[in-house]
Amino acid sequence: MSKKNLSSYESNEPYEAISVELEDKIATVTLNRPENGNALNAQMHAELADFWQGARDDDSVWAVILTGAGDRHFCTGADMREAASGSEGRLGQRRIFGLPWQFKFFKPIILALNGLTAGGGLIFMWESHIVIAADHVKFLEPHLSVGQVPASEIYGLANGGLPWNIGLRMALLGTTGERVDAERMHQLGAISEIVPKEELQNRAKDIANKVLQVSPLATRAFLEGAWNLREKGIGISEGSNYGHDLGHALKDTEDYSEGPRSFVEKRKPEWKAK
């Protein structure tokens, strides 16, 4: 399949603050404001929201790679120019958030951190499923330095397993110059792999292609169950029953019988997501 650039699902106009390239069921979403540290402004939030909502129901998208333009910044958080003007994240009077989970996006997201990850950029770490980083990446939590509370950022990372003492230190030291490097975040389990920066995008695609080899429908059901377990604080027993119910809902699909059949026939399964 050849590469193609995706436009807005809603307007069919080209994206500007992000770019989206689709190849072989993998959509690579790039935060595309390198001159502004790939900061999240209202337009980027709106375009990301458009993508998550549209790609959720797009049968040609089975997995997503999320990254940033250039190699200096993945995302430096909210655009402070907009924040200072009071318009940050707003289109008219409507608050926009370009985060995947509010749209119940349960397709695999591979996060490829290509540069400094700060503020709101940290949220994508716990909203993604596999997080890898280039070896030069550093992490920073600046909210307290600008009079804001890093709730979704640090609370979210802590909920995802980052030790509280690390998150608290990041928040309390703000922009005073101390940054956490990729190796430390890897040791703490916040990222699963470090690669040389020149290999980052190829490695992300390699992981995405491996993800495509497992059942897409079962994967989506599993991710939905995992999110509800985490979001709603469901107990293990109740969560297991909930997961089984999601799995049983697939029993009338073509893929449900394809898995066991391909195993018996000793061949790769031919998934259809149907």
Query raised in the report: Is one or more of the residues making up the range 129-144 at pLDDT 95 or above, closer than 17 Å to residue 227 by Cα, assigned by TED's automatic domain parsing to the domain that holds residue 73 and not in a strand (DSSP E or B)?
Result: yes
Query raised in the report: From the list 39, 17, which residue is surrounded by 14 or more Cβ atoms within 10 Å (Cβ to Cβ), in contact with a helix residue (DSSP H, G or I) (Cβ under 6 Å, 6 or more places away or on another chain) and either over 27 Å from residue 213 (Cα atoms) or of a type in the set (Gly, Ala, Ser) (or both)?
Result: 17
Query - Filtered residues of the range 68-91 (kept if at pLDDT 95 or above and in a helix (DSSP H, G or I)) - result: none
Query raised in the report: Restricted to the range 102-124, and to residues that are on the phi < 0 side of the Ramachandran plot, outside any loop (DSSP other than H, G, I, E, B) and not aliphatic (A, V, I, L, M), which residue is modelled with the lowest pLDDT?
Result: 102
Query - Residue count for the range 159-197, restricted to those that are part of a helix (DSSP H, G or I) and within 20 Å of residue 130 (Cβ to Cβ) - result: 8
Report summary line: For the range 171-199, the count of residues that are within 18 Å of residue 126 (Cβ to Cβ) and more than 21 Å from the chain's Cα centre (by Cα) equals 1
Report summary line: Checked the range 1-27 for anything touching a residue at least 60 places away in the same chain (Cβ under 8 Å) and in contact with a strand residue (DSSP E or B) (Cβ under 7 Å, 6 or more places away or on another chain); matches are 25, 26
Query raised in the report: How many residues does the range 154-171 hold that are free of Cβ contacts under 8 Å to residues at least 12 places away in the same chain and either exposed (fewer than 13 other Cβ atoms within 10 Å of the Cβ) or within 17 Å of residue 74 (Cβ to Cβ) (or both)?
Result: 2
Report summary line: Selection over the range 47-77 where residues are of a type in the set (A, V, I, L, M) and surrounded by fewer than 21 Cβ atoms within 10 Å (Cβ to Cβ) yields a count of 3
Requested in this report: Being under 27 Å from residue 138 (Cα atoms) and among the hydroxyl-bearing types (Ser, Thr, Tyr) is the filter; apply it to the range 172-230 and report the residue that is surrounded by the fewest Cβ atoms within 10 Å (Cβ to Cβ).
Outcome: 176
Report summary line: In the range 125-141, anything buried (at least 24 other Cβ atoms within 10 Å of the Cβ) and without any contact (Cβ under 8 Å) to a residue 60 or more places away in the chain is listed as 139, 141
Report summary line: Restricting the range 97-116 to residues that are in contact with a helix residue (DSSP H, G or I) (Cβ under 7 Å, 6 or more places away or on another chain) and aliphatic (A, V, I, L, M), the one surrounded by the most Cβ atoms within 10 Å (Cβ to Cβ) turns out to be 112
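The values are calculated or read from the model by the stated rules, or taken from the named source; none is laboratory data. Note that this is a predicted model, so its numbers are computed, not measured. Don't worry about glycine lacking a Cβ; one is built from the backbone with ideal geometry, like all the others, and counts go over all protein chains shown.
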